[in-house]
Amino acid sequence: MKKDKIKEAFAGLVGADITPDNAHRGVSAINAPRELFSQCAGAFKDAGFRLVAEWALDETPLGRGFAVCAAYAHKKEYIVVKSSLPIDDAVFPTLTGKYVAAFRFERQIHSLFGITAFGHPDLRPWIKHEDWPAGAFPLRKNFNASAKMERVKGEYRWIRAEGEGVFEIAVGPVHAGIIEPGHFRFQSVGEDIINLETRFGYVHKGIEKRFEELSFEGGVKLAGRVSGDTTVAHSLAYCRAIETASGSVVPRRAHWLRAVFLELERIANHLGDIGAICNDTAFTFMHYQMAILREKILKTNYKLFGHRLTMDVVTLGGVRVDITDGGVNALLVLLDEMLKEFERLVKIYEDNPSLEDRVYSTGILAPDIAAELGVVGFVGRASGQAGDARIDCPFTPYDEFIVKAPLLRSGDVHARAWVRIEEVRESVRLIRELIGTLPSGLFQAKCLTPLEGVAGFSVVEGWRGEIIYWVQAGRDGVINRCMVRDPSSVNWLSIEQAIKGNIVPDFPLCNKSFNQSYSGHDL
Amino acid sequence: MIDLNLVIEVLIIIFKVVFVTMVLFSLPMPLTWIERKVAGHMQARLGPWRVGPHGLLQPLADTIKLLLKEDIVPENADKFLFKLAPIISMVPAFAVFVAIPVGDSFKIPFIEKTFTLYISDMNVGILYVLAIGGLSIYGIILGGWASNSKYSLLGGLRSAAQMISYEVALSFAAIGVVMMTNSLSLVDMVRAQDGGFWHWNILYLPVGPVWFAVFFIAALAEINRVPFDLPEDEGTLAAGYHTEYSGMRFSFFMLTEYVAMVTASALAVVMFFGGWNAPIDFRTIEILTPITSVSWIYSCFGLFWFTVKVSFFIYLFMWIRFTLPRYRYDQLMTVGWKILIPICLGAILVTGFMRI
């Protein structure tokens, strides 16, 4: 059953020089000659797959050259296509003709690896800013990350809408309030936005490069800091990738506890953001009430697990902290109190006509555009894209529970807020079930070291959506390449589409309703 | 030979002008404190707490900070207009108070002089208030323009569009009150509502509440407060027209906004809630006659009631600010032109028939 969809995709490529790749764990993988890289994408596109991620890697420590990979997914079927590239001719055919999401992935590969996507219409730098020297490709193995680089002058070419009465508004990279840096450039006629171009890279920290200097153990902490608000999901995805690659077994109790942390993180972030969406309509009341609820959860986290955001609680082979019987009770009491108050606030949200005027039909992301972009997470679920890794490719313990994911099709600010309201309710239910069926036993086991050259692949549904880690082991117990794909990498594309035709004052509201990660995107 | 009478009259006028100006200048200090306390408590916080008991000295600290701040004029700004704008905005806000009656007149004991608790009783009082109040907008537009910043300019333009749109509705509401009370003078308006709360314009059924609703919504928009605070929507326009202002010049704009809020509250009281009149006419209660017949005591009563009512409205404005979401620009325009104005036209007809 599982292979059927993939077989269908390959029907047109029969007889081609494609071989299975046995170095992958946790995902089906094939080796394709680079001439067929784009054709494979076409076959997957026709079979209804979406592009999950596209990345390059430098395999020189393993005695090979460069390689480029693309991951596709259709419901529970994930597949990685890998093509090797010679170092002196680092070019591969572009996927932009097939997938819109490939635009930025390939720009990123071009700027960080110096590997060119042949036929890509727009090779402006992405993430790496123009003040880097031309030949500096940080993700190549021969790049010395500790050396100081000279700063060069350069200018970024914006895509502009021009004409009479069109004027440009620049927002960011430094914003009012405690949010991350990102630059948004609008062209508007009067108050109507006719074009928005986003630009990131302001929080580029070299995380992917840093992974390659760390041991598998050390990578856990870094993964937990890829995006501070998604620390559990990121470290969980990293750990699962390593555990899959090494074939380590995690105790059942640890699986359950990891899921509890994941759902607590989901609730805390959703609460904060529902309030923040209201705050962007100047409805401060809701903002503060939601902040109080969020704070209650964070305080309980601190009391029970030693960290407000439960950072570093997930570790290789299990979890770092266990929960006591008293902790279970405290958690249940918290959830009861929280949910009661939450329902009262949701009622206020529903009954406020002025709020309705602002959130309904604002910032619409149409389902067909969402499908084309391959949008994931709550943004996707608000625009008719029923994808949730907890349901589609359930990892333990989600394979033993029935998770309900709300699906709306209107794609406006309200839909995104409402999906999150429903998810809070669902997460509360899940945590109650998880705690009720908590297995006894160990909560941590020893994690083995993956064999050289083996790549582990993992999918975790964080609160923003599907997080992908692809970790390849190198020689002597180091990481050769760790590919991180935060949901923001694909979802940021959608805000440019959603904002068109809206007016300037609605931008903060729309942006808040997407609330994608800058840090998780810039890496 | 100096005419003593004239001297006393001039002194009285000078006293009143100085007094009103002093009150208006110092009013924003307690008002900012109250506003922040109201905000705090509505958002389950404490509000100002550190400077003085219950943060009472916070406004003083703020004032000192504003006074000591560096006075920055942007390099490419139109310097003359940039400096002029806050003053153009502030002066009309103060000048409006010339016409607002805060109490009735009384005889000063021992000297045979009448002391009026209003600076001037113009027979076109309401027109004066609307005309002078409308001048403030020039300060805002000029401030936005002279800053030479697009956030300021957009904020200024939004402000202009908003205030002009809502001035129409506000003037209609004034017409409604003029029709109900048969006078353009604010003092006469209050006198017409004499004799208990059932005589107040708000209870001039069925049109009174309608006129009040129109007036109140338009006034909210005129003084740029939530839910109509788009000119200074911090989410999209930094701080709107006063983005580039700092120090004293910024505080002039802030002063103007608070005075405008007091004006709007005072107008609401004068036009719809009986001005200085008590909810029940105490002069009709015989036991109290010895007190109420003394004109200056009765005037103090009036002042008391006026203050109470105005305070209520100031609180109402703050309450609204922290409980309602902001309107979107196009929605604001729709409310102004497509909803309020048709309502006004209908209400004028009904009021007209009732007055026949």
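The values are calculated or read from the model by the stated rules, or taken from the named source; none is laboratory data. Please read all numbers here as calculations on a predicted model, not as lab measurements. In this analysis, Cβ positions are derived from the backbone assuming ideal geometry, glycine residues included, and neighbour counts consider all displayed protein chains. Just the protein is used for accessible areas: all its heavy atoms, side chains included, with ligands, DNA and RNA removed. Shrake-Rupley method; radii C 1.70, N 1.55, O 1.52, S 1.80 Å.
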Q: Would you jot down the residues in the stretch A:497-520 that end up with at least 10 Å² less accessible area in the complete protein assembly than in the chain alone, with a 1.4 Å probe?
A: A:ILE503, A:VAL504, A:PRO505, A:ASP506, A:PRO508
Q: Using just the alpha carbons, could you tell me how many Å³ per residue the convex hull of the stretch A:4-118 encloses?
A: 103
Q: As a check on your grasp of the helix formula, calculate [θ] at 222 nm for chain A: sum -39500 (n - 2.57) over DSSP H runs of n ≥ 4, divide by the residue count, round to the nearest 500.
A: -12500 deg cm²/dmol
Q: Calculate one ³J(HN,Hα) per residue across the stretch B:59-69 by plugging θ = phi - 60° into the Karplus curve 6.51 cos²θ - 1.76 cosθ + 1.60, and present them in order as whole Hz with x for glycine and proline.
A: x, 5, 4, 4, 4, 4, 4, 5, 5, 7, 5
Q.
What is the ratio of the Cα radius of gyration of the stretch A:291-450 to 2.2 N^0.38 Å, with N the residue count, to two decimals?
A. 1.22
(Q) Straight-line reach from A:LYS45: which lysines fall under 25 Å, measuring Cα to Cα and dropping same-chain residues less than 8 apart? (A) A:LYS2, A:LYS3, A:LYS5, A:LYS7, A:LYS75, A:LYS76, A:LYS82, A:LYS98
Q) How about A:LYS512: which lysines have a C-alpha closer than 27 Å to its C-alpha, ignoring those fewer than 8 places off in the same chain? A) A:LYS128, A:LYS205, A:LYS296, A:LYS299, A:LYS340, A:LYS347, A:LYS404, A:LYS500, B:LYS150
Q | At 1.306 mPa s and 10 °C, Stokes D of the stretch B:1-80 from Kirkwood alpha-carbon radius, µm² per second | A | 97
Q) ³J(HN,Hα) across the stretch B:18-26 via Karplus (A = 6.51, B = -1.76, C = 1.60, θ = phi - 60°), whole Hz, x for Gly/Pro? A) 5, 4, 4, 4, 4, 4, 5, 5, 8
Q. When the Kirkwood radius is taken over all Cα pairs of the protein assembly as shown, what Stokes-Einstein diffusion coefficient follows at 4 °C and 1.567 mPa s, in µm²/s?
A. 42
Q. Round to a whole number: what % of the accessible area of the stretch A:1-154 belongs to carbon and sulfur, probe 1.4 Å?
A. 53
(Q) At q = 0.14 Å⁻¹, what log₁₀ I(q)/I(0) does the stretch A:207-522 have when each alpha carbon counts as one equal point scatterer in the Debye sum? (A) -1.06
Q: Could you work out how far helix B:295-321 tilts from the main Cα principal axis of chain B, as a 0 to 90 degree angle to the nearest 10?
A: 30
Q) Whole-Hz Karplus ³J(HN,Hα) for the stretch A:372-380, in order, using 6.51 cos²θ - 1.76 cosθ + 1.60 and θ = phi - 60°, x for Gly and Pro? A) 4, 7, x, 5, 10, x, 5, 5, x
**Q.** P(r), alpha carbons of the stretch A:68-161 - 10 Å bins starting at zero, rounded %
**A.** 14, 41, 31, 12, 1
**Q.** trypsin sites (Lys or Arg not before Pro) restricted to DSSP loop in the stretch A:428-502 with at most 12 other C-beta within 10 Å
**A.** A:LYS446
Q: Provide the net charge surrounding A:GLU106, with neighbours chosen by a C-beta distance below 13 Å and charges set as Lys +1, Arg +1, Asp -1, Glu -1.
A: +2
Q: Please report the buried accessible area for the interface of B with A, total over both chains, probe 1.4 Å, in Å² to the nearest 100.
A: 2000
(Q) Give me P(r) over the stretch A:435-476, computed from all C-alpha to C-alpha distances, binned every 5 Å, as integer percentages. (A) 5, 16, 13, 14, 20, 18, 9, 3, 1
Q) Using only Cα atoms, what is the ratio of the radius of gyration of the stretch B:260-299 to 2.2 N^0.38 Å? A) 1.49
Q: Compute the separation of the alpha-carbon centres of the stretch A:360-425 and the stretch A:286-359 and state it in Å as a whole number.
A: 21
Q. If you wrap a convex hull around the Cα atoms of the stretch B:187-313, how much volume per residue is inside, in Å³?
A. 118
Q | Neighbourhood charge, 10 Å Cβ-Cβ cut-off, centred on A:SER84 and excluding it, Lys, Arg +1 and Asp, Glu -1 | A | +2
(Q) Checking the cross-link filter: which aspartates and glutamates have an alpha carbon closer than 16 Å to that of A:LYS153, excluding same-chain neighbours under 8 positions apart? (A) A:GLU130, A:ASP131
Q: Would you mind getting the accessible area per residue of the stretch B:78-355, heavy atoms of the protein chains only, 1.4 Å probe, in Å²?
A: 40
Q. If one takes the longest principal axis of the Cα atoms in chain B, at what angle in degrees, from 0 to 90 and to the nearest 10, does the Cα axis of helix B:207-222 lie?
A. 30
Q: Evaluate 2.2 N^0.38 Å with N set to the residue count of the stretch B:78-355, then give the Cα radius of gyration divided by it.
A: 1.07
